[in-house]
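Q: Have a look at this one.
Every read-out reported here was derived from the displayed coordinates using simple, explicitly stated rules and does not represent laboratory data. Predicted model, so just to flag it, every value in this text is computed and none were measured. Glycine also receives a Cβ, built like all others from the backbone with ideal geometry; neighbour counts cover every protein chain displayed.
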Amino acid sequence: MNLGIHDLKIFQSAMDELGIALQPSQMDQFMKYYEILVEWNRFMNLTAITEFNDVCTKHFIDSISLCKVLDCSKEQTLIDVGTGAGFPGIPLKIVFPNLTVTLLDSLGKRVNFLNTVIDELRLEKIEAIHGRAEDYAKPDLLREKQMTIICSKNKFNILRRRLEYLGKKEYQDYISCELVEHVLSRNWIISSCSPY
């Protein structure tokens, strides 16, 4: 892939600030991701942001900046609730291939897009699931393993209300859901769910 088509100075500078040294293959994955995003955005609404530098800044860098508050260097499972076009889950997976990532979205067409990106980028230990946040917030789905939930403030409130609706005792018996108050530029919330 020809990386010279786009100016990568902003992206590389941000990676340097975060202390991240990307391999050429990872840079290729970001470029391919951008190309697929723009191509699919022509016939479905994935993002209003399509200019290369804006995508780098407002999608890629913003997603990767979660590593400031989340130790992505260790093996862990993330679920990106309401992922949309794959932000922040896919950029995090590209930079930190050790992560196991689930992308959850309520729109089947977006899940098809996500599966295309996963296949084209040859990403492993990542899956896209068609589902709603409130349907996924069930103790039997969350109690099986430790996971980190990344979602918007709105989606987190939906998850919390759903778990509380299941009953305080059942909620406390199955998981300890501890809110970590890290709200970044896109108002993402990081929460840790652990089996009791």
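Q: What FRET efficiency do you get for ASP119 and SER13 if R0 is 22 Å and r is their Cβ-Cβ distance, rounded to the nearest 0.05? Intermediate values should be presented prior to the final figure.
A: On the way: r = 30 Å, r/R0 = 1.38.
Computed FRET efficiency for ASP119 and SER13 comes out at 0.10.
Q: What does the C-alpha gyration tensor say about the overall shape of segment 35-115? Classify as rounded when a/c is under 1.5, otherwise prolate if a/b is larger than b/c, or oblate.
A: Details: a/c = 2.38, a/b = 1.41, b/c = 1.69.
The shape class here is oblate.
Q: Another question about this same structure. At a 10 angstrom cut-off on C-beta neighbours, averaged per residue, how do the peptides 124-130, 29-35, 88-94 rank from highest to lowest?
A: Details: 124-130: 16.1, 29-35: 19.1, 88-94: 25.3.
Descending packing order for the listed peptides: 88-94, 29-35, 124-130.
Q: Residue by residue through segment 90-101, which ³J(HN,Hα) values in whole Hz follow from phi under the Karplus form 6.51 cos²θ - 1.76 cosθ + 1.60 (θ = phi - 60°), with glycine and proline marked x?
A: Coupling constants for segment 90-101: 5, x, 5, 5, 4, 6, 10, x, 6, 6, 9, 10 Hz.
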